[in-house]
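**Student:** I have a structure I would like to understand better, so I am pasting it below and will then ask my questions one at a time.
Derivation of every value follows stated rules applied to the coordinates shown; laboratory data play no part. What you see is a predicted model, and the numbers here were worked out from it, not measured in a lab. Glycine gets a Cβ as well: all are built from the backbone with ideal geometry, and neighbour counts include every protein chain shown.
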Amino acid sequence: MIEVNLFVEDAGHEAFLTALLARLAGEYRLPVHVNPRSVTGGHGRVMTELGKYVRALAAGIERMPDLLVVAIDANCRGFSERRREIDEVLGKYRDWAVCAVPDPHIERWMLLDSSAFSSVLGMGCAPPDQKCNRDRYKQILANAVRAAGVEPILGGLEYADEIAYAMDLQRAGQSDRSFHHFMEALRDAFSRFKMTPSGWQAPNWSG
């Protein structure tokens, strides 16, 4: 079993990214187990818990996973800045990590494929624009769910996993650079795992 440790901002990140991980692992026929290590509290909590985890790895208290997935919203700062921020915390363990940086927020990723949205909720959504506003896509997602005749109890994030499984991943990547970055990085990571007589072997990420 391939162990993936997950550090994300909230339950919406956890549901959406866990579904994407499982879906893509299926394409590569990889038996993946996702361990949610920090999935609440937003950006600050993720970075704090990730820092504690890295120090525990260095001290030998934690065992190295086969892969780390770290997700924080770009929140108008862009992929490169957020990736540098994550890399600074990871230090020598940065090569173990695949970073997801939804730009500006994870809710926009959920709106990328109207057909997938329709297959889950019975009605499509308008293609999302690209504007920097903290709450814009939270509201757009909630409104799209309401327009489908459903009250969004969690702002629409309760449908994150279903939408992730229904999405046309290639089309979504073509319409959103941050989504493309994540999917390409994840594909690259999964492609490096090898089957051996004793089971699946993780790459030597630092090699």
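**Student:** If I build a Gaussian network model for the chain, linking alpha-carbon pairs within less than 10 angstrom, which residue out of 178, 115, 191 has the largest mean-square fluctuation?
**Tutor:** In this elastic network of the chain, the residue with the biggest mean-square fluctuation among 178, 115, 191 is 191.
**Student:** DSSP beta bridges in the chain, what fraction antiparallel, as a percent rounded to 5? Numbers along the way, then the final one.
**Tutor:** Working: 3 of 17 bridges.
Of all bridge pairs located within the chain, approximately 20 percent are antiparallel.
**Student:** I need the shape label for region 101-192. Rule: rounded when a/c is under 1.5, else prolate if a/b > b/c, else oblate, with a, b, c from the alpha carbon gyration tensor. It would help to have the intermediate numbers written out before the result.
**Tutor:** Working: a/c = 2.04, a/b = 1.51, b/c = 1.35.
Taking the square roots of the gyration eigenvalues as a ≥ b ≥ c, region 101-192 is prolate.
**Student:** Test of understanding: in a Gaussian network model of the chain with alpha carbons linked when under 10 Å, which of 59, 142, 74 would top the mean-square fluctuation ranking?
**Tutor:** Highest fluctuation of the listed residues: 59.
**Student:** How about residue 194: which aspartates and glutamates have a C-alpha closer than 13 Å to its C-alpha, ignoring those fewer than 8 places off in the same chain?
**Tutor:** Here the aspartates and glutamates satisfying the reach criterion relative to residue 194 are 66.
**Student:** If you take the square roots of the eigenvalues of the alpha-carbon gyration tensor of region 19-99 and sort them as a ≥ b ≥ c, do you get rounded (a/c under 1.5), prolate (a/b over b/c) or oblate? Intermediate results must be reported in sequence, preceding the final value.
**Tutor:** Values: a/c = 1.71, a/b = 1.15, b/c = 1.48.
Here region 19-99 falls in the oblate category.
**Student:** Right, next: Work out how far the C-alpha atoms of the chain reach from end to end along every principal axis, then list the three figures in whole Å, largest first.
**Tutor:** Cα spread of the chain along its principal axes, largest to smallest: 50, 36, 28 Å.
**Student:** Placing +1 at every Lys and Arg Cβ and -1 at every Asp and Glu Cβ, with all other atoms neutral, what dipole size does the chain have around its Cα centre, in debye to the nearest 20?
**Tutor:** Numbers: 24 positive and 27 negative charges, 91 e Å.
Using only the charged Cβ atoms, the result is roughly 440 debye.
**Student:** Under 4.7 Å Cβ to Cβ, no partner at all: give me those cysteines from the chain, in residue order.
**Tutor:** 99, 125
**Student:** Mind checking which of 123, 110, 47 has the largest fluctuation in a GNM of the chain, springs on alpha carbons under 10 Å?
**Tutor:** 123
**Student:** Something else about it: Once both labels are modelled 7 Å past Cα along the beta-carbon direction, what's the residue 81-residue 52 spacing in nm?
**Tutor:** For residue 81 paired with residue 52, the spin-label model returns 2.7 nm.
**Student:** Here's a follow-up. Angle check, please: helix 42-58 long axis (alpha carbons) against the longest principal axis of the chain (alpha carbons), in degrees 0 to 90, nearest 10.
**Tutor:** Roughly 10 degrees, rounded to the nearest 10.
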